[in-house]
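Report on the following structure.
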Amino acid sequence: MKPAQFDYAAPKTIEEAAALLAASNGDGKIIAGGQSLMPMINFRLVKPAILIDINRIEGLDRIELEGNRVRIGATVRHCRTATDPLISEHLPVVHEAMHHVAHMTVRNRGTFCGSVAHADPAAEMPMMTRFLDGTIVAFSVRGERRIPAAEFFVGSLVNSLEPDELVTAVEIDAIPPDAGWGFEEFAKRHGDFALACFATTLRAVGGRAKDVRVGMMGVGETPMRLREIEDIVDGTDVSDMMLDEVAKRLTDILTPNTDIHASADYRRHLSGVLARRALRAAWGRANGKGLDA
């Protein structure tokens, strides 16, 4: 397939990019990596009047630690996120997740922020942003707007950006040094979108789990943070009995889709299996059992 005709611009400032987007009256698209956008354009699922390439804007290619938050700029590639020392030190669960993202050719061009903006409920970056209390930093001719991840993901491939807004960065919580983490994803082939994924971080205080966070993807219309599961785990010693309770509760509360890849029942069962593995791994790391990061 060939794309419909469109104009192209490569602004050198965020302000210029925002002005071009506003002038397009909703018919412009921002491109940084284009790994999701270009196939949609080629199949004419999207027909932008103009593509606004933000790769020449200085400062959007940075990963920075700001207090207890990590800021990832809009043109940071997946391959950079997967290898950056700040990510591996302060966000080891993200470091692990990046190895499940598509394939090397895609990781060389795709961007963390672009994936978040695309809002695929079976993609790793939206889930990481949601369960690590992320903030999406958007910019328009009206100025900057900061959108909590809980409000950003509206539905499958739908976000809360206004038509004239572009994402300039995503900020997520760093993981405390004494926290353990677990990440378990299952796909039929490496690099495919996950049938289900369970991620968690927690601390071990006095032999009990504290500050528990749980995220899931592939089992709903948006990336999920599961407070109910966090409450089940919090204050326990992550016993087999508790893990059985988590698996049972996931079966009750999850409402995944049935599609050509898996049934809803299979995804619910798989979620329980992955939850057990991830929580055990996080508990082991929190207790200093030396699991590989």
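Which condition from (1) touching a Ser or Thr at 6+ places or on another chain (Cβ under 9 Å); (2) assigned to a helix (DSSP H, G or I) is the one that Glu96 breaks?
(1)
Looking at (1) out of contact with any strand residue (DSSP E or B) (no Cβ under 7 Å at 6 or more places or on another chain); (2) in a strand (DSSP E or B), which one does Thr201 not meet, given that it meets all the others?
(1)
When you scan the range 157-164, do you find a residue that is of a type in the set (A, V, I, L, M, F, W, C), without any contact (Cβ under 8 Å) to a residue 60 or more places away in the chain and at positive phi, even just one? It would help to see each step written out before you state the result.
First, pick out the residues of the range 157-164 that are of a type in the set (A, V, I, L, M, F, W, C): 157-158, 161.
Now restrict to residues that are without any contact (Cβ under 8 Å) to a residue 60 or more places away in the chain: 157-158, 161.
Then keep just the ones that are at positive phi; that gives 157.
Taking every residue of the range 157-164 in turn, at least one turns out to be of a type in the set (A, V, I, L, M, F, W, C), without any contact (Cβ under 8 Å) to a residue 60 or more places away in the chain and at positive phi.
Return the only residue of Pro48, Pro11 being crowded, with 16+ Cβ neighbours inside 10 Å, part of a loop (DSSP other than H, G, I, E, B) and in contact with a Phe, Trp or Tyr (Cβ under 8 Å, 6 or more places away or on another chain).
Pro48
Conditions: (1) assigned to a strand (DSSP E or B); (2) surrounded by fewer than 17 Cβ atoms within 10 Å (Cβ to Cβ); (3) in contact (Cβ under 8 Å) with a residue 24 or more places away in the chain. Glu64 meets all but one. Number of the miss?
(3)
Conditions first: (1) crowded, with 20+ Cβ neighbours inside 10 Å; (2) in the same structural domain as Arg77 (by TED's automatic domain parsing); (3) outside any strand (DSSP E or B). Phe139 passes all but one, so which condition is the exception?
Tallying (1) crowded, with 20+ Cβ neighbours inside 10 Å; (2) in the same structural domain as Arg77 (by TED's automatic domain parsing); (3) outside any strand (DSSP E or B), Phe139 fails exactly one: (3).
Out of the range 87-107, which residues are at pLDDT 95 or above and either acidic (Asp, Glu) or more than 24 Å from Val214 (Cβ to Cβ) (or both)?
Selection gives Glu89, Glu96.
When you go through Ala194, Ala247 one by one, which is the residue that is in contact with an Asp or Glu (Cβ under 7 Å, 6 or more places away or on another chain), hydrophobic (A, V, I, L, M, F, W, C) and in the same structural domain as Arg276 (by TED's automatic domain parsing)?
One residue alone meets the criteria, Ala194.
Quick check: is even one residue across the range 142-151 in a loop (DSSP other than H, G, I, E, B) and not assigned by TED's automatic domain parsing to the domain that holds Leu279?
yes
Give Val273, Val238, Val219 a once-over and let me know the one that is part of a helix (DSSP H, G or I) and aliphatic (A, V, I, L, M).
Criteria check complete, one pass: Val273.
Checking the structure you have, find out if any residue of the range 77-93 is hydroxyl-bearing (Ser, Thr, Tyr) and touching an Asp or Glu at 6+ places or on another chain (Cβ under 8 Å). Can you show your working first?
The first filter runs over the range 77-93 and keeps only residues hydroxyl-bearing (Ser, Thr, Tyr), leaving 81, 83, 88.
Imposing the further condition that a residue be touching an Asp or Glu at 6+ places or on another chain (Cβ under 8 Å) reduces the set to none.
No, the conditions are met nowhere in the range 77-93.
The values are calculated or read from the model by the stated rules, or taken from the named source; none is laboratory data. Model, not experiment: these values are computed from the prediction. Please note: Cβ atoms are built from the backbone with ideal geometry, for glycine as well, and neighbour counts cover all protein chains shown.
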